[in-house]
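In what follows, a structure is listed as structure tokens, so that the remarks can point back to it.
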Amino acid sequence: MSNPFFHKPDLALRRAIELESINQSAAALSLLHEVLSSRRHRTWSPTYENIMITYLNLCLKLHKSREAKDGLHQYRNLSQSQAPGSLEKVIRYLMEKAETKCTQNAAKVAANSKTKAAAVSVKQDSDTAGAGDDVEDVGLLDVSPQSILLSTMSADPGKSQRDSALLLPSLKFLWETYRAVLDILKSNSKLEHVYHEAATGALRFCRTYKRRTEFRRLCDMLRMHLGNLQKYGGTVTSSITADGETAAANTKATNGKVRGWEGWTNESIELYLQTRFAQLETASVLHLYTEGFRTVEDIYNILQISHARRKTGAPPPKAKLMAAYYEKLTTLFWVSENYLFHAFAWYKYYTLCCEFNRGMNAETKQRHASAVLLATLCIPATSNTN
């Protein structure tokens, strides 16, 4: 059915606001979704940004994560080339609102839990006092294991369900928001910093709410994005051969598979390293050391890209980044009982700090040197046996 609001987006936005004011948010969301999906108008204007903001507010209100993702894809196609700044503004707005709502709901659940726990404690104290007045036999007041177990349970059986109904939709929407943003910006060089902010926010989400399964999926997603950029987005240089023309054509076709990616730069390598350092720290907090070792492999691959670029005159990664890298490796290798690599990580961290950290005082330097010595002494001796 043809919709008259397609001809003028201003009318569609006004109609959606009217529908929302009379508690018809689903109809308003459907109307704006049709406007964004319409191919009648493919020229960006500030009105579309207002439509997108209203659309995302409705998605957040109704917990429609799939519709929010589809709307972002439609708006990306509309504004990526004409107004990338507007796309950045919309994405930042969605992430900020989703994070705020999730934090507020988590605080409400925590407050409800404290209030209910206090009420249960007061009730148990009053029951115990009343029983002490009425019962003469002290042996009847002995606490059994069953009563201890029941006392830890909520007096309201529907409390956990209400808390889940309040918090879980917000958690799911926030997680799907991070996934959608990462998928949309995975090869966008102009908004690369927004991509890494979303990745860092997703890692913080997994660390704050102890989402181990989501963290594994996030690591796989980031690893796939990095692998695609390494495979299809790098600058391939081929030597001059007899079929040099064919090789050049293949190189151009291979690089063209990643739309929007302008190649590796010093800033992009630094951003990828910082994101992987945050990923490594999250793996340590969640005690997922297998993912930690995979993250170390990812960091090694990024450093190999930097090493290859160094042959063309590009500068190496900053010493501060490498020091943070080796510092995180000390914890990972210690937990995994790789004492040789643990000592080497401490040694590299110590040498980088001594060489580049001019503000390091004598006490800190002595403590790091002692850590290197103790880590070396922890290396088990190996005996040569025939």
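Summary table
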quantity	calculated
With all protein chains modelled, accessible area of Glu99 [1.4 Å, Å²]	60 Å²
Along each principal axis, Cα extent of region 289-337, largest first, Å	38, 19, 12
Protection-proxy order for peptides 370-378, 336-344, 183-191, each taking the mean of Cβ atoms within 10 Å per residue, highest first	183-191, 336-344, 370-378
Nitroxide proxy distance, nm - points 7 Å out along Cα→Cβ at Arg259 and Ser370	6.0 nm
Projected label distance in nm at Arg40 and Phe356, using a 7 Å step from Cα toward the beta-carbon	5.7 nm
Spin-label model distance (nm) - Asn112 vs His73, 7 Å beyond Cα toward Cβ	3.4 nm
Cross-link pairs Lys101/Lys186; Lys64/Lys231; Lys108/Lys320; Lys210/Lys365; Lys61/Lys318 - those with Cα-Cα distance over 32 Å	Lys64/Lys231; Lys108/Lys320; Lys210/Lys365; Lys61/Lys318
Sites Asp10 and Gln274, calculated FRET efficiency, Cβ-Cβ separation with R0 35 Å, nearest 0.05	0.25
Area of Val109 that stays accessible when all protein chains are in place (1.4 Å probe, Å², to 10)	20 Å²
Phi to ³J(HN,Hα) by Karplus 6.51 cos²θ - 1.76 cosθ + 1.60 over region 12-27, Hz, x for Gly, Pro	5, 5, 5, 5, 5, 5, 5, 5, 5, 5, 9, 6, 10, 5, 5, 5
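The values are calculated or read from the model by the stated rules, or taken from the named source; none is laboratory data. None of these values were measured; they are calculated from a predicted model. So basically every Cβ, Gly included, is an ideal-geometry build from the backbone, and we count neighbours across all protein chains shown. These area figures cover heavy atoms from the full protein model, side chains too; ligands, DNA and RNA do not enter into them. Shrake-Rupley method; radii C 1.70, N 1.55, O 1.52, S 1.80 Å.
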